[in-house]
Amino acid sequence: MKAVYFTEHGGPEVLQYGELPEPVPNSNEVKIKVRACSLNRLDVYTRAGVRGTKMDLKEPHVLGADVSGEIVEVGSNVTKVSVGDRVVVNPRITCMQCSYCQSNQSEYCEKAGMVGSATRGGYAEFAVVPASSVFPIPTSLSYVQAASLPTVFMPSWNILIRRSNLKPWEIALVPSASSGVGTAAIQVAKNVAKSTVITTTSTPEKANKASALGADHVINHKSENVSEKLKDITAGKGVDVVIDHVGTDIWNAVNRRLAKGARYGICGVTSGYKAELQMGAMFINHLTMFGVFMGRSEDLEQIIYHAGQGTIKGIVDSEYPLEDARKAHEDMEGLDFFGKLVVTID
């Protein structure tokens, strides 16, 4: 099969386009004819071997977590799905056997891994994943749309809806509007929770796109003081819910602008890991801070439903044929895009 893979860590130049053997599913797996696979920041880190992703590369590795396509083969024990089903993959593979998985807390799975990191992913004509990880998609949802959903919408849903229980009368802060999580979280907060949404971005063009997506207020963090703008917009009250996928920079700008009872969810740290926490403010203002990594299967099922209904949608900046995956990585590192970058396969 045609695939894009790497045999050593490095820059985009280590990605090779060529032939690899087709994967064979075991009794509990399915084989998918990949139609689309979206890029994530984890792809870039894994390719480079940074932030704890360095691998012992004894064989070619295929990246790609967010996979959609049709099932072409099922293992002997598989009954949930059938050959011909149009599906999207939950990239978070769980063991389904530990105490957390058995008690409907699969996001805490002791043996969890990501498709494209722990296993070969979707930068290929075919991919094999556990049958428990695939979910049917409606005909109203294209493969590109489906592939743009999981890794950005699952933590957004987890933080904003399930964990924070964001209300229509509350204010949500979504930093970095142009990122995949940013474009997802704006929609979840506005179209599902019906809340007021404040977001940040770096250019007037991106600000206009964020407004069109549903943001009520857009702060240009390049030319405006985020903390002071939050104070002005909220009339000093502060924001009720934050979905932080940025890290240090956002915490430093926001921590003094949290409303009483605010919930601060973290799902990424692209700008830095460390922050100074004022513990007094935590208990005086009844603040909650928590982290999430992806979410549960039922989160993805809700996302698929709302995407099928048109309530939310993946914001796709660019599509690339499989052989241009290297160019997609270069563009992701360039940061000059709004939404998701998606590799497509005929």
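The values are calculated or read from the model by the stated rules, or taken from the named source; none is laboratory data. Everything numeric here is computed off the predicted structure, so don't read it as measured data. In this analysis, Cβ positions are derived from the backbone assuming ideal geometry, glycine residues included, and neighbour counts consider all displayed protein chains. Only protein heavy atoms, including side chains, enter the accessible area calculation; ligands, DNA and RNA are left aside. Shrake-Rupley method; radii C 1.70, N 1.55, O 1.52, S 1.80 Å.
Summary of computed values
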| read-out | value |
| --- | --- |
| Out of 238, 180, sole residue that is open to solvent by less than 30 Å² (accessible area, probe 1.4 Å), more than 18 Å from residue 315 (Cα to Cα) and of a type outside the set (Lys, Arg) | 238 |
| Single residue of 34, 81 found to be more than 22 Å from residue 326 (Cα to Cα), among the aliphatic types (A, V, I, L, M) and in contact with a strand residue (DSSP E or B) (Cβ under 9 Å, 6 or more places away or on another chain) | 81 |
| Meets criteria (in contact with a Phe, Trp or Tyr (Cβ under 7 Å, 6 or more places away or on another chain), closer than 25 Å to residue 86 by Cα and either of a type in the set (Ser, Thr, Tyr) or open to solvent by less than 10 Å² (accessible area, probe 1.4 Å) (or both)) for residue 156 | no |
| Options 24, 83: the member that is free of Cβ contacts under 8 Å to residues at least 24 places away in the same chain, part of a loop (DSSP other than H, G, I, E, B) and among the aliphatic types (A, V, I, L, M) | 83 |
| Boolean, residue 326 is within 25 Å of residue 37 (Cα to Cα), more than 18 Å from the chain's Cα centre (by Cα), modelled with pLDDT of 95 or more and open to solvent by 30 Å² or more (accessible area, probe 1.4 Å) | yes |
| Residue count, the range 1-18 (criterion: assigned to a strand (DSSP E or B) and closer than 19 Å to residue 65 by Cα) | 7 |
| Search result, residues across the range 188-209 that are assigned to a helix (DSSP H, G or I) and surrounded by 24 or more Cβ atoms within 10 Å (Cβ to Cβ) | 188, 189 |
| Residue among 212, 235, 184, 146 that is farther than 27 Å from residue 91 by Cα, among the aliphatic types (A, V, I, L, M) and in a helix (DSSP H, G or I) | 212 |
| Top-ranked residue of the range 241-259 - restricted to ones that are touching an Asp or Glu at 6+ places or on another chain (Cβ under 9 Å) and in a strand (DSSP E or B), ranked as most open to solvent (accessible area, probe 1.4 Å) | 258 |
